[in-house]
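Reading through the C-alpha cells given below for one structure.
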Amino acid sequence: MKMRNTPATVVALVPMRHNSERVPGKNYRPFAGCPLYHQIISNLLACQLITEVVIDTDSRKIMEDASKHFPQVRLIERPEHLRAGTIPMNDVLLYDVTQAESVYYLQTHSTNPLLCTETISKAIEAFLYSGDHDSLFGVTRLQTRLYDAQGNAINHDPDILLRTQDLPSVYEENSTLYIFSRETLEACKNRIGKRPIMFEVNRDEAIDIDEESDFLFAEFLFKRRHKTETNQLEIYGIDNGSINATSINQLYG
C-alpha cells in the first residue's frame with residue numbers, strides 16, 4: 001500500500017479544561033501516582049510518528065505542571081471565548097490548528113489513560129497509508145442486541161436468536177483519537193471528514209473517564225497492566241534496570 005505523497009508531520013493536540021463537572025479536577029487528579037494527564041502525554045511523546053505534542057488548556061495548574069514535567073510540550077493558553085464547557089470541541093480545534101502548524105493533526109484526551117503508544121502509532125500508519133480518506137476516528141466494536149428508543153431491533157431479528165458473536169458488528173465512536181488535516185477541519189467544521197476511516201480500538205484502551213466510576217475502573221486496569229509488565233520483567237531476569245540481550249529475547253522473542 002502506498003503512503004501519501006505529502007511529507008507527514010503530525011502534531012498531537014490534547015485539549016484540557018481546568019474545571020470538570022462530573023469528576024472535579026479530573027485532568028490533574030492523581031491517577032496511579034501522578035496527574036491523570038501525564039499518562040496520555042507520556043504515550044504521545046513516546047510515539048516516533050508524532051512531530052510535536054501540544055496541550056491546549058485554560059488551567060494555570062496544568063500549564064505550570066506541564067512546564068516542569070514536559071518542557072518539550074508546547075502549551076497553548078485557551079482564549080476566554082473558548083473556555084465554557086458548552087463550547088464544541090471542533091471550535092477549540094479550529095483555533096488550535098492556527099497556533100500549531102502541521103500537515104496532519106491527531107487529537108486525543110487526557111481521559112484516555114489506557115491508550116497505548118503502539119495503538120497511536122498504528123492509527124497514524126493506517127491513516128497515512130489510507131489513500132483518499134480525509135480523516136480517522138477511533139471506534140469500539142459492538143456485538144450485542146441493540147434497540148432504538150421505540151423498542152425496534154437495530155442490528156438483529158428478534159425472531160432469530162443468533163449468538164451475539166454471530167451478530168453483524170456495529171461501531172461506537174469512542175473519542176480515543178481523531179486524525180485530520182487543517183483543510184478537512186475547516187471545510188467540514190468537524191474533526192471527522194466526509195471520507196473517514198473507522199479505526200478499531202480494543203475495549204480496555206478505549207475507556208474514557210466521564211464519571212467517578214470510570215476513573216476508579218481505569219485506574220484499576222492501569223495498575224493491573226503495569227503490575228503484569230513488572231512481573232514479566234522480574235520473571236525474565238530484568239531487575240533494577242539491568243537488561244541483557246538474553247532477557248530481551250526471552251521476553252519479546
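The values are calculated or read from the model by the stated rules, or taken from the named source; none is laboratory data. What you see is a predicted model, and the numbers here were worked out from it, not measured in a lab. Please note: Cβ atoms are built from the backbone with ideal geometry, for glycine as well, and neighbour counts cover all protein chains shown.
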With the first residue restricted to segment 100-111 and required to be in contact (Cβ under 8 Å) with a residue 40 or more places away in the chain and assigned by TED's automatic domain parsing to the domain that holds Leu45, and the second required to be part of a loop (DSSP other than H, G, I, E, B) and surrounded by fewer than 23 Cβ atoms within 10 Å (Cβ to Cβ), Cβ contacts under 6 Å at 6 or more apart or on different chains are Ser102/Thr9; Val103/Thr6; Val103/Thr9; Thr111/Asp208
Could you tell me whether any residue of segment 5-16 is farther than 30 Å from Arg225 by Cα and surrounded by 13 or more Cβ atoms within 10 Å (Cβ to Cβ)? yes
Inspect all residues belonging to segment 68-87 and state whether any of them is surrounded by 13 or more Cβ atoms within 10 Å (Cβ to Cβ), touching a strand residue (DSSP E or B) at 6+ places or on another chain (Cβ under 7 Å) and closer than 16 Å to Leu177 by Cα. no
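Return yes when Leu177 is under 19 Å from His38 (Cβ atoms) and in contact with a helix residue (DSSP H, G or I) (Cβ under 6 Å, 6 or more places away or on another chain) and no when it is not. First the steps, then the outcome.
Details: under 19 Å from His38 (Cβ atoms): yes; in contact with a helix residue (DSSP H, G or I) (Cβ under 6 Å, 6 or more places away or on another chain): yes.
Yes, satisfied.
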Out of (1) touching a residue at least 24 places away in the same chain (Cβ under 8 Å); (2) under 26 Å from Asp91 (Cα atoms), what's the single condition that is false for Ala187? (1)
Would you check which residues across segment 112-153 are more than 30 Å from Tyr28 (Cα to Cα), touching a residue at least 12 places away in the same chain (Cβ under 8 Å) and among the aromatic types (Phe, Trp, Tyr) and list them? Phe127, Tyr129
Contact list, first residue from segment 17-36 and farther than 14 Å from Ile55 by Cα, second anywhere and among the aromatic types (Phe, Trp, Tyr), beta-carbon distance below 6 Å, six or more apart or interchain, is Val23/Phe215; Ala32/Phe222; Pro35/Tyr28
